[in-house]
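As structure tokens, the structure follows; a few thoughts come after it.
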Amino acid sequence: MGMRMKIVLFLVLSLVATAVWAGQGWRSVAVRKGAVRVSPMPFGKIVATLGYGERVDVLEEQGLWFKVRDQQQGREGWMHSASLIAKPITLKPGERVEGGASEDELALGGKGFSAQVEAEYKARGKNLDYASVDWMERIQVSPEAMREFLAKGGLQNPEGGETHAK
């Protein structure tokens, strides 16, 4: 092998090693259901849902969002960094995921609101009726309904770009 070929081979291997070492790498889904979205926005259209422990390759980073590729089916989209962890999650055969947080629970936790904080509020206000709060917590709004709401209200386009306001 000639000197020129050795240099080219060395440079290629160095680039690959650097990309692997300093590159985005992969992540494991750290929530029960991780939404893969068309755009790096909370209400972006969901193109796939990945389960706890599934791995994704990180293609790009934008703020708190990662553009990822599902390692099993090759689907691409954006996931919030709070839904991912940079270590392998391995379930034993037959093991089921009972616990774990949802994306919504992580968002509330990030704002400092948790089941413990809620219990403290209830303990301080024993004479308060939380039935309406409990009722509201059970409401589930689909991403499609949220996009429609945002569009009708002239709010930010969940897919990015211009607003819907005229």
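A short reminder: the numbers here are calculations on the coordinates, not readings from a lab. Computed from a prediction, not measured in an experiment: that's the story for all the values here. Ideal geometry is used to build each Cβ from the backbone, glycine not excepted, and the neighbour counts take in all protein chains shown.
Points worth noting:
- ³J(HN,Hα), Karplus 6.51/-1.76/1.60, whole Hz, each residue of region 53-59, x for Gly, Pro: x, 5, 9, 10, 8, 8, 9
- Around the amide H of W65, modelled in the peptide plane, lie the amide H atoms of S81, all under 5 Å away and 5 or more residues distant in sequence or on another chain.
- Members of K33/K67; K33/K126; K126/K152 lying beyond 28 Å, as alpha-carbon distances in this model show: K33/K126; K126/K152
- Counted by Cβ distance under 9 Å from I89, the other residues give a net charge of +1, where Lys and Arg count +1 and Asp and Glu count -1.
- Close amide H pairs (under 5 Å, H built 1.01 Å from N) link K33 with E103, residues at least 5 positions away or on another chain.
- For W78, the residues whose amide H sits under 5 Å from its own are R37, V38, S39, V68, ignoring neighbours fewer than 5 places away on the same chain, with H placed 1.01 Å from N.
- Applied to region 127-144, the Karplus parametrisation 6.51 cos²θ - 1.76 cosθ + 1.60 on θ = phi - 60° returns per-residue 3J(HN,Hα) values of 8, 8, 9, 9, 4, 5, 5, 4, 4, 5, 5, 7, 5, 10, 10, 6, x, 5 Hz, with x for Gly and Pro.
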